[in-house]
1. Between Q154, Q127, Q131, which is among the polar types (S, T, N, Q) and either away from the ligand (no atom under 11 Å from the Cβ) or outside any helix (DSSP H, G or I) (or both)?
2. Just one of the numbered conditions (1) under 26 Å from L249 (Cβ atoms); (2) within 14 Å of the ligand (Cβ to nearest atom); (3) touching a Cys at 6+ places or on another chain (Cβ under 8 Å) is not true of E43; which one?
3. Of all the residues that make up the stretch 134-151, how many are assigned to a loop (DSSP other than H, G, I, E, B), more than 13 Å from the ligand (Cβ to nearest atom) and either under 16 Å from the mean Cα position of the chain (by Cα) or at positive phi (or both)?
4. Yes or no: D64 surrounded by 19 or more Cβ atoms within 10 Å (Cβ to Cβ) and charged (D, E, K, R)?
5. Any residue at all in the stretch 198-218 that is surrounded by 14 or more Cβ atoms within 10 Å (Cβ to Cβ), within 16 Å of the ligand (Cβ to nearest atom) and touching a residue at least 24 places away in the same chain (Cβ under 8 Å)?
6. Yes or no: the stretch 53-69 includes at least one residue that is over 15 Å from the mean Cα position of the chain (by Cα), within 15 Å of the ligand (Cβ to nearest atom) and of a type in the set (D, E, K, R).
7. With the checklist (1) within 14 Å of the ligand (Cβ to nearest atom); (2) under 20 Å from the mean Cα position of the chain (by Cα); (3) aromatic (F, W, Y) in hand, flag the one item Y99 doesn't pass.
Amino acid sequence: MKIVHTKQALESSLEGVRANGRKIALVPTMGALHAGHLSLIQEAQQIADLVVCSIFVNPTQFNDPKDLEKYPRPVENDLQLLQQAACDVVFMPTVEEMYPKNDSPWHIDLGDLDQIWEGEKRPGHFQGVTQVVYKLFKLVLPDVACFGQKDFQQVMVIQRLIDLKELPVKIHICPTIRSEEGLALSSRNVRLSAAGKQKALVLFRTLSYLKKHFTTKSPLSLKEEGLQLLQDEQEVEVEYLAICESRTLAEAKQIDPDKKYVALLVAWIEGVRLIDNMILN
Ligand code: PAF
């Protein structure tokens, strides 16, 4: 496994690969790797000849400086996991490498995606995500990039980036990996106590309830029941729960059987922001 820290070293490690026409997959991460990330690496290995994993805690996507500061950075452990997973190249740049002083400002038109749900609650977050992912795409020139379904809106935003910039990259979406009991794996889970992890299971219970009863009730009354389930669990603070049409993320008032729907959920437990979602039909 090659570990590179600069754009130049990354480019030279990929030169021969491109010349031979081998397929490159990129798995962008912010480190603190868990089984969810490793499943992205495994899927990437199935569809490409060489897998590049980037580890970069991207400052421009954090709208809360405390969240950036607290973000876990277990570098040695991450590298060990990637080595065991037989990842080919790890790109671990510094902030200065990714954002040189003369860097041009970034803004792209993400339409409603920048205004609703994560876009509304975390102003500037998706601008930061697209800024760093664009830089990574330009450096790695991957044929395919793997992202987890857990960040449902993020995947849509990256597809918008690809469309707007006409990039020759395909997105491969990998299913959310959960603990045996259903907690969606996330780098932020390490900040939860054992009791907090137990409480956090209410997210999966709620989403599963919405899926089970999806066809039997109106979306708005189902959402009320979901909110009640979440409120019944003590010390769980709901930021939002919504049943949305999956292509626009507009909140559903009634169900069109020809469309796909997704439930989006964000809740806080022990000061940790947890995000999850479930396709409902
Ligand atoms: O999902 C993440 O971990 C980050 O948003 C990403 C895509 C690596 C960009 O920093």
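1. Q127
2. All conditions pass for E43, except number (2).
3. Adding up the residues that qualify gives 1.
4. Working: surrounded by 19 or more Cβ atoms within 10 Å (Cβ to Cβ): no; charged (D, E, K, R): yes.
It is false that D64 is surrounded by 19 or more Cβ atoms within 10 Å (Cβ to Cβ) and charged (D, E, K, R).
5. no
6. The answer is yes; a qualifying residue exists.
7. Y99 satisfies all of (1) within 14 Å of the ligand (Cβ to nearest atom); (2) under 20 Å from the mean Cα position of the chain (by Cα); (3) aromatic (F, W, Y) except (2).
Per-residue answers, yes or no, for (1) touching a Gly at 6+ places or on another chain (Cβ under 8 Å); (2) crowded, with 19+ Cβ neighbours inside 10 Å; (3) more than 24 Å from L50 (Cα to Cα); (4) without any contact (Cβ under 8 Å) to a residue 40 or more places away in the chain:
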site	(1), (2), (3), (4)
T130	no, yes, no, yes
C146	no, yes, no, no
Q153	yes, yes, yes, no
L161	no, yes, no, no
L167	no, no, no, yes
K170	no, no, no, yes
C174	yes, yes, no, no
S179	no, no, yes, yes
S186	yes, yes, yes, no
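Rule-based calculations on the coordinates, nothing more; no lab input. What you are looking at is a predicted structure, and each value in this text was computed from that prediction instead of being measured. FYI the Cβ positions are ideal-geometry reconstructions off the backbone, even for glycines, and counts take in every protein chain you see.
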